[in-house]
Amino acid sequence: MTDRALWVVVLAVGCSFAVACSYGAGRADDDPLVPDASNADVDASTSPDAAEPARDPAKPGPWAVGVRTVRLTDASRSRTFSVDVWFPVDPNHVDGSANKYELDSFLGTLASIDSPARRDATPATGAWPVVLFSHGFGGIRFQSYFLTEHLASHGFVVVSPDHPGNTLVDFAQLGNEGAAAQSAMDRPLDMVFALNAAIANQLGVSVDVTRVSATGHSFGGWTSLELARRDPRIKLAFPLAPGFRNGATSEFVATLARPLLFVGGSADDTCEFPANQEQPYMIAQTPKFLLQVVNAGHLDFSNLCEVPIAQQFIDDGCDPAMIDPAVVHRRTNAVATAFVLRYQLGLVQYDPVLAPAHVTGLGNVQYWATP
């Protein structure tokens, strides 16, 4: 099978299952991942608290960002997978090396993408709140690093495992319905195992087990909600373009008595907004929030749009004539970061930042909020 044919299979299967294949690429030129001077209104050696004014969550936070990759083995399931971990780094003592996200397969290296994060840097001192990220169908652990790096700059540790059998390089399994059903069983267990590893300090950075949230894209968005249903340690969830298909309904969302933010695009033809984001929002308990990025497609909530080989095959998002994916990233970062700062850290000064007047003022969005 040719390289082109393999990519057609990957993308077609991902879209048919309504959970897209996606992974990282570049960042908007006006949104560099460096500690922003206008946002660093407190000493970066301390965590934010209720006495501080709200930082602008759309901008990078006061921390530099480190990333490392760890291999974990769940012996009980004979399952080994890679986990990417993003974490805060003291901006006055940045070390590590230049970072690249590389996607390797039997075809060779399919992508090698530069990133502002520092590979294997020294984490800043402290026990940090945790965000778990689950990639999309046929995705990869670093597929939405526009968000994972941004959250780390605001003082979060982000933990994102690969889901073996359902990654971008698992070409054979992606066309198999049985493998897809198996992934729906494996994914929440992968997330629990990664969280337990973080708590056991196996990922090289200290975390606060009392402050844990979950997110993900597409199939990973559903995974984040399913994880919250199963694991009481997940205090809130904010899925990106989640999908409910192949027997997975959104009704269990009504039982999730914790803060929820649903994010989606008005032009998403894969996980359509009314059924997959609006309806779960309507039945969810409060506090709840719903962000629609106008004209955004499914893959705009990842970094896949800037990967040259993928541009030949993407037909759901990634169309600058509709909306620049970088704008989608900025709107997602702004609201998701305010959401976790408010509800994961309990910082009430972010209530006005989550108010409809403020969010709609960002432009390119519709927004609903029931705090």
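The figures follow:
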{"item": "Principal axis dimensions, segment 172-225 - Cα atoms, whole angstrom, descending", "result": "39, 20, 14"}
{"item": "Förster radius 35 Å - calculated FRET efficiency between Asp231 and Asp120 (Cβ-Cβ, nearest 0.05)", "result": "0.75"}
{"item": "For Arg79, distant residues with modelled amide H under 5 Å away", "result": "Asp74"}
{"item": "Kirkwood Rh in Å, taken over all unlike Cα pairs in segment 286-371", "result": "13.9 Å"}
{"item": "Environment charge of Ile234, counting only residues whose C-beta is closer than 11 Å and scoring Lys/Arg +1, Asp/Glu -1", "result": "+4"}
{"item": "Estimated vicinal HN-Hα couplings, Hz - segment 84-100 in sequence order (Karplus 6.51, -1.76, 1.60; Gly, Pro = x)", "result": "9, 10, 9, 7, x, 10, 4, x, 8, 9, 8, 10, x, 10, 4, 9, 10"}
{"item": "Length added when fully stretched, Asp95-Leu189, from 0.36 nm per residue minus Cα-Cα", "result": "30.5 nm"}
{"item": "Amide proton proximity set for Asp208, modelled H, under 5 Å, gap of 5+", "result": "Trp128, Val130"}
{"item": "Cβ-Cβ FRET estimate between Thr73 and Trp368, R0 fixed at 56 Å, reported to 0.05", "result": "0.85"}
{"item": "Computed lengthening from Ala355 to Asp315, 0.36 nm per intervening residue step minus Cα-Cα distance", "result": "11.1 nm"}
{"item": "Cα extents of segment 121-205 along the three principal axes, largest first (Å)", "result": "45, 26, 17"}
{"item": "Integer Hz, Karplus 6.51/-1.76/1.60 couplings in order for segment 209-216, x for Gly and Pro", "result": "5, 7, 10, 10, 10, 9, 8, x"}
{"item": "Two-decimal ratio, segment 76-119, of alpha-carbon radius of gyration to 2.2 N^0.38 Å", "result": "1.56"}
{"item": "Stokes-Einstein D in µm²/s, Kirkwood radius over Cα pairs - segment 87-245 at 20 °C with 1.002 mPa s viscosity", "result": "132 µm²/s"}
{"item": "Peptide ranges 153-160, 199-206 listed from the most packed, as the mean C-beta count within 10 angstrom indicates", "result": "153-160, 199-206"}
{"item": "Two-site label geometry, Thr286 and Arg245: point separation in nm, points 7 Å out along Cα→Cβ", "result": "3.4 nm"}
{"item": "Reachable lysines, given that their alpha-carbon falls under 23 Å from the alpha-carbon of Lys100 and they are not under 8 places away in the same chain", "result": "Lys59"}
{"item": "Extension gain from Thr109 to Glu177, taking 0.36 nm per residue of separation minus the Cα-Cα distance", "result": "21.8 nm"}
{"item": "Unit Cα scatterers, Debye sum, segment 224-371: log10 I(q)/I(0) for q = 0.14 Å⁻¹", "result": "-0.66"}
{"item": "Under 19 Å from the Cα of Lys288 - lysines, other chains or at least 8 residues apart", "result": "Lys235"}
{"item": "Cα gyration tensor shape for segment 184-269, rounded if a/c is under 1.5, else prolate or oblate", "result": "prolate"}
{"item": "Values of log10 I(q)/I(0), in the order q = 0.20, 0.22, 0.32 Å⁻¹, for segment 128-174 under a Debye, Cα-only, solvent-free model", "result": "-0.62, -0.70, -1.09"}
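Coordinate-derived values only; no laboratory data. What you are looking at is a predicted structure, and each value in this text was computed from that prediction instead of being measured. Here Cβ is always computed from backbone atoms with ideal geometry, including for glycine, and neighbour counts include all displayed protein chains.
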